[in-house]
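Q: Here you go, one structure.
Derivation of every value follows stated rules applied to the coordinates shown; laboratory data play no part. Not measured: the values here are computed from a predicted model. FYI the Cβ positions are ideal-geometry reconstructions off the backbone, even for glycines, and counts take in every protein chain you see.
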Amino acid sequence: MITLIGNLKGGTGKSTVTFNLALWAATRQNLHVLVYDLDPQSTTSDAFDIRAEEGYLPQIKPERYAEGLGMEGQNTHVLVDMGLSDMQATQVAIQRADHILIPVSPSQADVWSTQRFLKMIAEIREQRPVKLLALLNRADTHASVRETTEAAEALKTLDGLQLLDSRLYLRTTYRRSFSEGLAVFEMEPRSKASAEIDALGRELYHLIN
């Protein structure tokens, strides 16, 4: 099972989502997890390298090339952090994905980017169906700020895209844990970020299994 995590716009937090979801699936669901880091910035790989240096378990060594994508065993749960510099690898990942999770920051620019990404997916897959899921990431924690609600309303109007109920909010815990090679639920088990990742993992794996 292959879940691609990506968007056309940078800064949506896809590496943070990939890293935390991979460790959540491996530790909370006892799944065999394989990660592909196809982003030339290698942020996901860097976080797993720090994790290995610190001796934290489980350790996951991301694959850096898309050639083997889709050849994994039936019981392997694959998470792909998409990059855009290598369009051939991007096309392979989109073609072979069973599900595509699209992190979206609450801004009009991100909604527009998501629209373009959906069009790209349709063109590459030639209308072959794939489950498309949107995740509001870096949502604002202040109820008075309207951007998150407005982005959610806009995403709900896009054909074929399902907006997850789960949201990840703009919290320093995500940045701190990532730089230490730890998932948020490992570094701060009782934090709001930990609860958010747990809710995301449960909702996502309920929908794709």
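Q: Could you calculate, for the stretch 18-91, the ratio of the Cα radius of gyration to the Kirkwood radius, expressed as Rg to Rh? Walk me through the numbers before you get to the answer.
A: Details: Rg = 12.2 Å, Rh = 12.7 Å.
With Rg and the Kirkwood Rh in hand, the quotient comes to 0.96.
Q: Take the alpha carbon atoms of the stretch 149-209, find their center, do the same for the stretch 50-83, and report the distance between the two centers in whole angstrom.
A: 20 Å
Q: Please state the equivalent ellipsoid semi-axes for the stretch 65-178: what are the square roots of 5 times the Cα gyration tensor eigenvalues, largest first, in whole Å? Walk me through the intermediate numbers first.
A: Working: eigenvalues 145, 64, 32 Å².
Semi-axis lengths for the stretch 65-178 are 27, 18, 13 Å.
Q: What is the extension gain from residue 74 to residue 87, computed as 0.36 nm multiplied by their sequence separation minus the C-alpha to C-alpha distance, in nm to one decimal?
A: Values: separation 13, 0.36 × 13 = 4.68 nm, distance 2.65 nm.
Between residue 74 and residue 87, full extension yields 2.0 nm more.
Q: Under unit Cβ charges (Lys, Arg +1; Asp, Glu -1), what dipole magnitude, rounded to 20 debye, does the chain have relative to its Cα centre? Don't skip to the end; give the middle numbers.
A: Details: 22 positive and 27 negative charges, 77 e Å.
Its charge dipole is roughly 360 debye.
Q: Would you please classify the overall shape of the stretch 158-209 from the alpha carbon gyration tensor, given that a ≥ b ≥ c denote the square roots of the eigenvalues, rounded means a/c under 1.5, and beyond that prolate means a/b larger than b/c while oblate covers the rest?
A: On the way: a/c = 2.52, a/b = 1.96, b/c = 1.28.
Prolate, because a/c is 1.5 or more and a/b exceeds b/c.
Q: How large is the translational diffusion coefficient of the stretch 1-133 in µm² per second when you combine the Kirkwood radius over alpha carbon pairs with Stokes-Einstein at 10 °C and 1.306 mPa s?
A: Numbers: Rh = 15.0 Å.
Here the translational diffusion coefficient equals 106 µm²/s.
Q: Tell me the label-point distance for the pair residue 49, residue 120, using the 7 Å Cα-to-Cβ offset, in nm and rounded to one decimal.
A: With each label placed 7 Å out from Cα toward Cβ, I get 2.5 nm.
Q: Any idea which of 117, 33, 157 is furthest toward the positive side of the dipole for the stretch 2-208, if Lys and Arg beta-carbons carry +1 and Asp and Glu beta-carbons -1?
A: It is 157.
Q: Quick one: if you stick a label point 7 Å off each Cα along the C-beta vector at residue 206 and residue 159, how many nm between them?
A: It works out to 2.9 nm between the two label points.
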